[in-house]
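Engineer: Dropping the structure in here first, questions after.
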Amino acid sequence: MVAITRVKESIHTPAEKAPEPDLGNEIIPKERYISKEFMQLEWDRMWSKVWLVGCREQEIAEVGDYITTDIGKESLLIVRGEDGKARTFYNVCNHRGNQVKFDQCGNSRTLQCAYHFWEYDLTGRLVNVPDEEDFHQGCPKDQLSLKAIKTETWGGFVWFNLNPDAEPLADYLGMIPKHLDPYHFENMAMVMNVTVNWDCNWKTAVDAFNEVYHVQCIHPELSYTIDDVDVQIDLYERHNRYLVPFKTYSPRLGEDLDEVPEALAEELAAIGMNADDFKGRVGEVRRAVQLYKRENADKLGYDYSEFNDDQLSDDYHYMIFPNITMNVMAESMMMFRQRPHESDPNKMYYDVQMFMTIPKGKPVPPLPDYEHVNHGERSLGLVLDQDSVNLPHVQKGMNSDAYKGLWISSQERRIRHMHKTLMDYVNGVYANDA
């Protein structure tokens, strides 16, 4: 396991606009969302070649802690070893193919298969075979030990890559650590961990969080707390972002508001500000929040020294290819991990995890209970509930004979950029790197 060293040359997240690549205007074929043949191409040429988030380091904090996670048809076992390293293995016993661990997490000093008690140590080495003498062909440990998967860490997360010849994680992430290290994800505490079965393709979900064009329709209440028009979009080699102004309101509402909207007033009250101070000058709220946080950092219990002023109010929203969405705020980060179904392109697994920076002097909360539910069995909050209701209808429409593919606007160009990266993998552009 390798940990990425923190970037030292600058402690601030770059805020400048990235150059705009020419991505064309072609329709994005719907087959990429509904075809089993394309789903297989994605697995063979992309999912098995890219770096993916496996778990939070906090989830395997102690020696012997393990967690299981799935990507496509594969079950993976991530373990904290005696030497403190995180390791990832294919979760399969080399005797009869049984999964070594069935549960979602636990702690054990050895990894014992429940079927015939074949036993592996925390490095994956086969250490015990009951009645070993009855295997006349022998039990060669080098052939029968658990198969290890390339594993590294960054940002408090354990990452894995199914390709044994994969490039280092630092090369894959590119500009991401320089941009996001100032948030110190490794010091954040996980406070929510839910997986939901969604009836849509994994890309349908990624797309929904890669544009704010739909906010005025699906999330009209957000118009009173964010600016969904003046959004900076930055497209990098594989990854992308947009910078969304928060603690403000949408220009779509028209002229300057006389009174602070109720939702925005609640956000001000949460940090100790009074909405009544901004009657007749609601347009000044965002800047006032930035100055207030800067001046009251000690009282609030946060260190804002590595942030620019906009980071104290806005959502620095990153998409790490292929399936990580990060809504990054000065004191928190909400992360979505969109995972493909093992066999059906019209289904996926939607992981929602929430992380908080704990104010100075406050206790770190225990890990939340993990939940895996079907759509509709529990609320994810108003905004995500609105998305979850809408996306199955998008997926069903994509299967219509009348629909040919995505007709993308400039506001939605993060989607086009994601597809450009996806097709680079499918077409072998990254074959030598991964």
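Engineer: When you go through (1) part of a helix (DSSP H, G or I); (2) surrounded by fewer than 22 Cβ atoms within 10 Å (Cβ to Cβ) one by one for Asp165, which number turns out not to apply?
Structural biologist: Every listed condition holds for Asp165 apart from (1).
Engineer: Follow-up question, since we're still on this one. Which of the residues that make up the range 213-230 are touching a helix residue (DSSP H, G or I) at 6+ places or on another chain (Cβ under 7 Å), buried (at least 18 other Cβ atoms within 10 Å of the Cβ) and hydrophobic (A, V, I, L, M, F, W, C)?
Structural biologist: Result: Val215, Leu222.
Engineer: List the strands (runs of 3 or more DSSP E) inside the range 326-395, counting only whole elements, that have at least 1 residues being touching a Cys at 6+ places or on another chain (Cβ under 8 Å) and closer than 23 Å to Trp51 by Cα. Please lay out each step first, then the result.
Structural biologist: Numbers: elements: 332-340, 348-356, 371-374.
Correct list: 348-356.
Engineer: Quick test of your reading of the structure: Glu237 fulfils all but one of (1) touching a helix residue (DSSP H, G or I) at 6+ places or on another chain (Cβ under 7 Å); (2) in a loop (DSSP other than H, G, I, E, B); (3) not small (Gly, Ala, Ser). Name the failing condition by number.
Structural biologist: That leaves (1) as the condition not met.
Engineer: Being of a type in the set (Val, Ile, Thr) and either closer than 30 Å to Gly174 by Cα or out of contact with any Cys (no Cβ under 8 Å at 6 or more places or on another chain) (or both): is that true of Val429 here? Spell out how you get there, then give the answer.
Structural biologist: Details: of a type in the set (Val, Ile, Thr): yes; either closer than 30 Å to Gly174 by Cα or out of contact with any Cys (no Cβ under 8 Å at 6 or more places or on another chain) (or both): yes.
Here the answer is yes, as Val429 does meet what is asked.
Engineer: From the residues in the range 97-112 that are touching a residue at least 40 places away in the same chain (Cβ under 8 Å) and assigned to a strand (DSSP E or B), which one is surrounded by the most Cβ atoms within 10 Å (Cβ to Cβ)?
Structural biologist: At the first step, the residues of the range 97-112 found to be touching a residue at least 40 places away in the same chain (Cβ under 8 Å) are 100, 104-109, 111.
Checking which are assigned to a strand (DSSP E or B) leaves us with 105-107, 111.
On the way: Cys105: 16, Gly106: 12, Asn107: 13, Leu111: 25.
Taking the candidates together, the pick is Leu111.
Engineer: Mind listing whichever residues of the range 49-72 are assigned to a loop (DSSP other than H, G, I, E, B) and either farther than 30 Å from Ala431 by Cβ or touching a Cys at 6+ places or on another chain (Cβ under 6 Å) (or both)? Give the steps one after another, and end with the answer.
Structural biologist: Taking the range 49-72 first, the residues assigned to a loop (DSSP other than H, G, I, E, B) are 49-51, 61-64, 72.
Residues satisfying the conditions are Ala61, Glu62, Val63, Gly64.
Engineer: Now, a different point. Looking at the range 75-96, which of its residues are of a type outside the set (Lys, Arg), in a loop (DSSP other than H, G, I, E, B) and either farther than 21 Å from Trp47 by Cβ or within 24 Å of the chain's Cα centre (by Cα) (or both)? Lay out the reasoning, then the answer.
Structural biologist: Let us first name the residues in the range 75-96 that are of a type outside the set (Lys, Arg), namely 75-79, 81-84, 86, 88-95.
With in a loop (DSSP other than H, G, I, E, B) added as a condition, the list becomes 81-84, 91-95.
Residues satisfying the conditions are Gly81, Glu82, Asp83, Gly84, Asn91, Cys93, Asn94, His95.
Engineer: Which residue, of Leu222, Leu235, is over 16 Å from Arg337 (Cβ atoms), of a type outside the set (Asp, Glu) and at pLDDT 95 or above? Spell out how you get there, then give the answer.
Structural biologist: On the way: Leu222 fails: at pLDDT 95 or above.
Answer to the check: Leu235.
Engineer: Enumerate the pairs (first residue in the range 113-134 and within 23 Å of Glu82 (Cβ to Cβ); second residue anywhere and modelled with pLDDT of 95 or more and acidic (Asp, Glu)) with beta-carbon separation below 6 Å, excluding pairs fewer than 6 apart on the same chain, so at least 6 apart or on different chains.
Structural biologist: Filtered contacts from the range 113-134: Leu122/Glu82; Val127/Glu119; Val127/Asp121; Asn128/Glu119.
Engineer: Looking at the range 58-68, which of the residues that are acidic (Asp, Glu) and buried (at least 19 other Cβ atoms within 10 Å of the Cβ) is farthest from Val100 (Cα to Cα)? Before you say what the answer is, go through the steps one by one.
Structural biologist: Of the residues in the range 58-68, the ones acidic (Asp, Glu) are 59, 62, 65.
If we keep only those that are buried (at least 19 other Cβ atoms within 10 Å of the Cβ) as well, we get 59, 65.
Details: Glu59: 19, Asp65: 14 Å.
That would be Glu59.
Engineer: While we're looking at this one, here's another question. Please verify whether the range 406-414 includes one or more residues that are of a type in the set (S, T, N, Q), within 21 Å of the chain's Cα centre (by Cα), at pLDDT 95 or above and not in a helix (DSSP H, G or I). Even if it seems obvious, please write down each step before you answer.
Structural biologist: First, the residues of the range 406-414 that are of a type in the set (S, T, N, Q): 409-411.
In the following step, the residues that additionally are within 21 Å of the chain's Cα centre (by Cα) were identified as none.
Within the range 406-414, not a single residue is of a type in the set (S, T, N, Q), within 21 Å of the chain's Cα centre (by Cα), at pLDDT 95 or above and not in a helix (DSSP H, G or I).
Engineer: Given (1) surrounded by fewer than 17 Cβ atoms within 10 Å (Cβ to Cβ); (2) closer than 27 Å to Thr195 by Cβ; (3) of a type in the set (Phe, Trp, Tyr); (4) touching a Lys or Arg at 6+ places or on another chain (Cβ under 9 Å), identify the lone condition not met by Tyr370.
Structural biologist: All conditions are met except number (4).
Engineer: In the range 171-229, which residue that is β-branched (Val, Ile, Thr) and not in a helix (DSSP H, G or I) is farthest from Arg413 (Cα to Cα)?
Structural biologist: Kept after step one, since they are β-branched (Val, Ile, Thr), are these residues of the range 171-229: 176, 191, 194-196, 204, 206, 212, 215, 218, 225-226, 229.
The next check asks that each one be not in a helix (DSSP H, G or I); those that pass are 191, 194-196, 212, 225-226, 229.
Working: Val191: 32, Val194: 29, Thr195: 28, Val196: 27, Val212: 11, Thr225: 23, Ile226: 20, Val229: 14 Å.
Residue satisfying both the conditions and the ranking: Val191.
Engineer: Please return the ranges of helices (runs of 4 or more DSSP H) entirely within the range 247-301 where 2 or more residues are closer than 18 Å to Pro220 by Cβ and in the same structural domain as Pro363 (by TED's automatic domain parsing).
Structural biologist: Values: elements: 262-270, 285-295, 297-300.
Once the helices (runs of 4 or more DSSP H) in the range 247-301 are filtered for at least 2 residues that are closer than 18 Å to Pro220 by Cβ and in the same structural domain as Pro363 (by TED's automatic domain parsing), what remains is 262-270.
Engineer: Within the range 329-365, can you find the residues that are within 30 Å of Lys299 (Cα to Cα) and out of contact with any Ser or Thr (no Cβ under 9 Å at 6 or more places or on another chain)?
Structural biologist: Those that are within 30 Å of Lys299 (Cα to Cα) and out of contact with any Ser or Thr (no Cβ under 9 Å at 6 or more places or on another chain): Gln353, Ile358, Pro359, Lys360, Gly361, Lys362, Pro363, Val364, Pro365.
Engineer: Go through the range 173-182 and give me each residue that's more than 15 Å from the chain's Cα centre (by Cα) and either within 12 Å of His12 (Cα to Cα) or crowded, with 22+ Cβ neighbours inside 10 Å (or both). First the steps, then the outcome.
Structural biologist: First, pick out the residues of the range 173-182 that are more than 15 Å from the chain's Cα centre (by Cα): 174-175, 178-179, 181-182.
Within the range 173-182, Lys178, His179, Asp181, Pro182 qualify.
Engineer: Among the residues of the range 324-355, which ones are closer than 21 Å to Phe246 by Cα, surrounded by fewer than 18 Cβ atoms within 10 Å (Cβ to Cβ) and either basic (Lys, Arg) or touching a His at 6+ places or on another chain (Cβ under 9 Å) (or both)?
Structural biologist: Asn327
The values are calculated or read from the model by the stated rules, or taken from the named source; none is laboratory data. Bear in mind that the values here come from a model prediction, so they are computed numbers and not experimental data. In this analysis, Cβ positions are derived from the backbone assuming ideal geometry, glycine residues included, and neighbour counts consider all displayed protein chains.
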